[in-house]
1. More than 18 Å from residue 290 (Cβ to Cβ), more than 28 Å from the chain's Cα centre (by Cα) and β-branched (Val, Ile, Thr) - does that describe any residue in region 58-76?
2. For residues in region 297-328 being within 25 Å of residue 132 (Cα to Cα) and small (Gly, Ala, Ser), which is nearest to the chain's Cα centre (by Cα)?
3. Name the residues in region 218-229 that are open to solvent by 10 Å² or more (accessible area, probe 1.4 Å) and either among the aliphatic types (A, V, I, L, M) or outside any helix (DSSP H, G or I) (or both), would you?
4. Got a sec? Which of 196, 238, 215 is open to solvent by less than 50 Å² (accessible area, probe 1.4 Å), assigned to a strand (DSSP E or B) and of a type in the set (Phe, Trp, Tyr)?
5. Based on what the data block shows, is residue 37 touching a Gly at 6+ places or on another chain (Cβ under 6 Å) and not in a helix (DSSP H, G or I)?
6. Taking residue 144, is it in a helix (DSSP H, G or I), at pLDDT 95 or above and either out of contact with any Ser or Thr (no Cβ under 8 Å at 6 or more places or on another chain) or within 28 Å of residue 442 (Cβ to Cβ) (or both)?
7. Can you tell me which residue is farthest from residue 200 (Cα to Cα) among those in region 249-265 that are open to solvent by less than 10 Å² (accessible area, probe 1.4 Å) and hydrophobic (A, V, I, L, M, F, W, C)?
8. Considering region 418-451 alone, what residues qualify as being part of a loop (DSSP other than H, G, I, E, B), at pLDDT 85 or above and among the hydrophobic types (A, V, I, L, M, F, W, C)?
Amino acid sequence: MSLYSKVVSSLLFPLHEKLKKHDTVSIRKKLEKSQWQSPEQLVEAQQLRLQTFIKTITEHVPFYRDLFAQKQLAPQDVKTVADLSKLPFLDKATIAANFEALKSDIAGPLSRFNTGGSSGQPLIFLLGNERVSYDVAEKWRATRWWDVDIGDKEIVAWGSPIELGAQDKVRLIRDKLFRSELIAAFDLTPEKILAFIEQIRQTKPAMLFGYPSVFDLLAKTAEKQGIKMNDLGIKVAFVTSERLYPYQRENIERIFGCPVANGYGGRDAGFIAHQCPQGGMHLSFEDIVVEIIDREGNPLPPGQSGEIVVTHLGTSEFPFVRYRTGDIAVMSDKQCACGRGLPMLESIEGRSTDFVVAADGTILHGLSLIYILRDMETVDAFKIVQESKTLTRVQVVSKTGSVDQQMRDTISQGFKARLGNDVEIEIESVDDIAPEKSGKYRYVISKVDIT
């Protein structure tokens with residue numbers, strides 16, 4: 001670590017967090033100790049924290065005070081993760097309908113946030129200093145696994161209107177002080193892509209952080225232009241907020257000459273899991289209770305694929321209890337070679353809307369369609385939207401400028417082989433694929449309910 005980074009991470013950033021009334025520094029220090037505890041010790045600590053959390057929200061959050069009364073439950077009836085099944089799931093509609101009642105009567109200042117709405121209707125919710133402190137501390141711990149600390153140079157590829165709209169003078173000064181530079185992922189024209197590649201070359205960051213789709217695009221463009229990117233000393237590309245596909249990981253690692261670390265979470269559910277250098281996708285176990293459920297809402301054991309449900313223990317001011325994320329994953333029952341006791345996700349399979357449904361009802365991962373297009377040399381970019389079991393639309397950007405009949409036949413035949421011969425495949429030739437409002441790119445969107 002450079003002298004500058006030491007000053008930032010040990011002095012300037014702690015001062016910054018203290019002025020913002022965040023407990024980030026003390027939380028991160030606790031997390032770096034607890035990660036080495038045994039799984040049994042971690043479970044015991046999580047249960048104690050869950051009990052304290054439940055007691056707090058039943059006393060101070062009207063929605064949960066009323067819910068416990070209606071169900072004739074006492075706080076002590078929820079002592080373990082298994083006991084959470086006594087409580088209903090929380091979803092976007094419930095939050096919207098009970099917005100005021102979900103505020104704690106002892107909450108400090110709360111800020112209004114919203115999700116990007118890439119999976120449907122955006123969610124509006126509130127975050128306080130408590131939740132923000134835990135989120136920052138979890139990310140901080142994870143980047144330190146890769147020998148990257150606050151104050152080390154980083155390039156952030158982001159596209160959220162909240163982040164980009166907050167680029168006022170104070171934030172610009174702070175980012176410059178902490179050596180964090182932003183790549184705006186909204187409008188990636190060819191000129192901007194080349195400018196961002198040059199920005200990375202000039203900066204020589206220790207870490208790339210942001211959307212995998214953006215870094216994959218930058219990598220492919222650099223390679224196409226013959227621009228060398230693997231001599232910059234980048235320690236890690238930390239990707240988050242989108243599904244990381246294997247071909248993206250391979251491209252980024254090969255062209256930038258650094259490992260890719262997957263970070264899983266969201267603005268609503270928090271930083272749920274991070275990948276360590278040994279490959280383990282470790283849960284933020286001290287702060288977040290994760291359940292994997294089937295379509296009927298029943299808990300699933302490790303090794304079985306289901307929806308992730310989150311209870312964030314750092315949200316007593318605006319609680320997220322058994323919040324349905326819409327994401328599909330598999331829990332692991334193994335321990336990582338790194339020695340950390342933190343439980344792991346075995347795999348993250350994407351959002352429920354990243355899956356498609358064949359005409360006969362068979363549920364297929366979107367990759368089954370993605371690889372048809374990825375294997376076509378003339379396809380530069382694409383987007384798949386399953387409108388119904390009988391209609392799927394495909395937008396294609398061709399390297400030749402147009403989608404010829406041979407390309408159309410190959411796509412149509414490949415899709416029909418997986419979805420059904422009678423399914424209509426509409427193929428549209430486009431000049432570019434627009435990102436979602438959040439700035440993210442989604443390659444597969446299904447409007448067919450798989451639940």
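1. As a first pass, look at region 58-76 and keep what is more than 18 Å from residue 290 (Cβ to Cβ): 58-76.
Now restrict to residues that are more than 28 Å from the chain's Cα centre (by Cα): 58-60, 62, 65-76.
Retained after the next criterion (residues that are β-branched (Val, Ile, Thr)): 58.
So far as region 58-76 goes, yes, one or more of its residues are more than 18 Å from residue 290 (Cβ to Cβ), more than 28 Å from the chain's Cα centre (by Cα) and β-branched (Val, Ile, Thr).
2. Only one residue fits best here, namely 326.
3. Our first condition is that a residue be open to solvent by 10 Å² or more (accessible area, probe 1.4 Å); within region 218-229, this holds for 220-221, 223-228.
Matches in region 218-229: 226, 227, 228.
4. Details: 196 fails: assigned to a strand (DSSP E or B); 215 fails: assigned to a strand (DSSP E or B).
Checking each option against the conditions leaves just 238.
5. Values: touching a Gly at 6+ places or on another chain (Cβ under 6 Å): yes; not in a helix (DSSP H, G or I): yes.
Criteria met by residue 37.
6. On the way: in a helix (DSSP H, G or I): yes; at pLDDT 95 or above: yes; either out of contact with any Ser or Thr (no Cβ under 8 Å at 6 or more places or on another chain) or within 28 Å of residue 442 (Cβ to Cβ) (or both): yes.
In short, yes.
7. Keep residues of region 249-265 that are open to solvent by less than 10 Å² (accessible area, probe 1.4 Å), which gives 252, 256, 258, 260-261, 263.
Pick out the ones that are also hydrophobic (A, V, I, L, M, F, W, C) and you get 252, 256, 258, 260-261.
Numbers: 252: 13, 256: 10, 258: 14, 260: 16, 261: 18 Å.
Ranking the qualifying residues of region 249-265, first place goes to 261.
8. Hits for region 418-451 are 423, 430, 448.
The values are calculated or read from the model by the stated rules, or taken from the named source; none is laboratory data. Every value quoted in this text rests on a predicted model; they were computed, and no experiment measured them. No Cβ is skipped: glycine too gets one built from the backbone with ideal geometry, and neighbour counts run over all protein chains shown. Heavy atoms of the whole protein, side chains included, go into the accessibility calculation; ligands, DNA and RNA do not. Shrake-Rupley method; radii C 1.70, N 1.55, O 1.52, S 1.80 Å.
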